[in-house]
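Structure record follows, encoded as structure tokens.
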Amino acid sequence: MPPPVPAEQLSDVVLQVGDQKGNQRSMLAAAGLLDTPYEIEWSTFTSGPPLVEAVSAGAVDVGGVGNTPPLFGAAASAKIKAVSASEQNSATDALLVPAGSPLRSVQDLRGKTVALAKGSSAHGNVLNMLSRAGLEPDDVDLSFMQPAEAFSAFTQGQVDAWAVWDPYTAQAELEADVRVLADGRGTANGYEFTVAAVESLGDPRKNAAIADFVARIARAEQHNTANPEERAREWAADTGLPIEVTRRAAERRHRLPVPMDGELVRSQQQLARAFLDARVLPTRFRFEDYVDRRYEQQLSAIG
């Protein structure tokens, strides 16, 4: 690991951060933690997989993603490391159906069409739900689309079910006549990760900036869980979603920092196995090889 660098020597460091709408930048803003001793240049990505690709390519130094993009990166031998983790309420990863749907259980999905984003936490959640219900992925028609397209298809009756996460779950609950067929409790692990470029971790000043950044994210997670209204306002401003939607999502998210311990690694490995068994991931790998705990002691002091 590179030698430590004092914060006062970071003033000319530019940290390239990959973000998604409503994620890390708005989290820091809600907690009043955007005033960093280094400059941040933010790049916005539509989802986690292209963000991981950008980190691996060195286009960005660090970024926040859900539980599945690091697995797809690992399967592609990406030059990334997961450097911090958090866990949120997995019940907000939901499988939605219209309120009047005859579907009453996951078993009823046989032969039906489920909209979801490929490689997303919802994708992994559905694979685990199907397995638990005794179904194979081929027993249903998985229709891959991003949330905005899926919301339209779902509300127009073009698909039978929609697997998604907050704030889109909250949006559907408030703006459409929906019912939760099943949620992620027991099938989704709820983990989120900050991933960093291997090359950036080897640079002493970038490493110091990343150390400060992940500590700020951990403090922001604690602040936002305790102050959901502040989080909701920034979330709405960043995404354009109605405040009623982001308020519901913020009040139940309960996202907090967690150690990248053996339990986390095993859970991620099990999720990878679900994608491998479904022939979505091409190669086997050890998730442990993509974990870097250099900031663990610092983060544990935050709580």
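The values are calculated or read from the model by the stated rules, or taken from the named source; none is laboratory data. Everything numeric in this text was worked out from a predicted model, so none of it was measured. Using ideal geometry, Cβ is built from the backbone for each residue, glycine included, and neighbour counts are taken over all protein chains shown.
Could you pull out the residue among SER105, SER77 that is of a type in the set (Gly, Ala, Ser), in the same structural domain as VAL164 (by TED's automatic domain parsing) and modelled with pLDDT of 95 or more?
The unique qualifying residue is SER105.
Under the condition of being in a loop (DSSP other than H, G, I, E, B) and under 23 Å from GLY119 (Cα atoms), which residue from the range 11-40 is modelled with the highest pLDDT?
Ranking the qualifying residues of the range 11-40, first place goes to ASN23.
What tally of residues in the range 166-205 results from selecting those that are in a helix (DSSP H, G or I) and either in the same structural domain as THR155 (by TED's automatic domain parsing) or farther than 19 Å from GLY73 by Cβ (or both)?
Total meeting the criteria: 10.
Taking the range 41-77 as the search range and keeping residues that are in contact with a helix residue (DSSP H, G or I) (Cβ under 8 Å, 6 or more places away or on another chain) and assigned to a strand (DSSP E or B), which one is nearest to VAL126 (Cα to Cα)?
It comes out as VAL65.
Pairs under 8 Å by beta carbon, first residue farther than 17 Å from LEU181 by Cα in the range 135-163, partner in a loop (DSSP other than H, G, I, E, B) and β-branched (Val, Ile, Thr), six or more apart or different chains?
Partner pairs satisfying both residue conditions: SER143/VAL159; GLN146/THR46; ALA153/VAL159.
State the number of residues belonging to the range 281-303 that are at pLDDT 95 or above, part of a loop (DSSP other than H, G, I, E, B) and not charged (D, E, K, R).
Final tally of qualifying residues: 2.
Filtering the range 14-49 down to residues that are among the β-branched types (Val, Ile, Thr) and surrounded by fewer than 19 Cβ atoms within 10 Å (Cβ to Cβ), which residue is farthest from THR246 (Cα to Cα)?
VAL14
The rows are residues; the columns are (1) in contact with a strand residue (DSSP E or B) (Cβ under 7 Å, 6 or more places away or on another chain); (2) surrounded by fewer than 16 Cβ atoms within 10 Å (Cβ to Cβ); (3) more than 14 Å from VAL83 (Cβ to Cβ).
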| residue | (1), (2), (3) |
| --- | --- |
| ALA218 | yes, no, no |
| ARG231 | no, no, yes |
| GLY240 | no, yes, yes |
| ARG247 | no, no, yes |
| ARG252 | no, yes, yes |
| ARG266 | no, yes, yes |
| ARG279 | no, yes, yes |
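Considering every residue within the range 43-54, establish whether at least one is aromatic (Phe, Trp, Tyr), without any contact (Cβ under 8 Å) to a residue 60 or more places away in the chain and out of contact with any Ser or Thr (no Cβ under 7 Å at 6 or more places or on another chain).
Yes, some residue in the range 43-54 is aromatic (Phe, Trp, Tyr), without any contact (Cβ under 8 Å) to a residue 60 or more places away in the chain and out of contact with any Ser or Thr (no Cβ under 7 Å at 6 or more places or on another chain).
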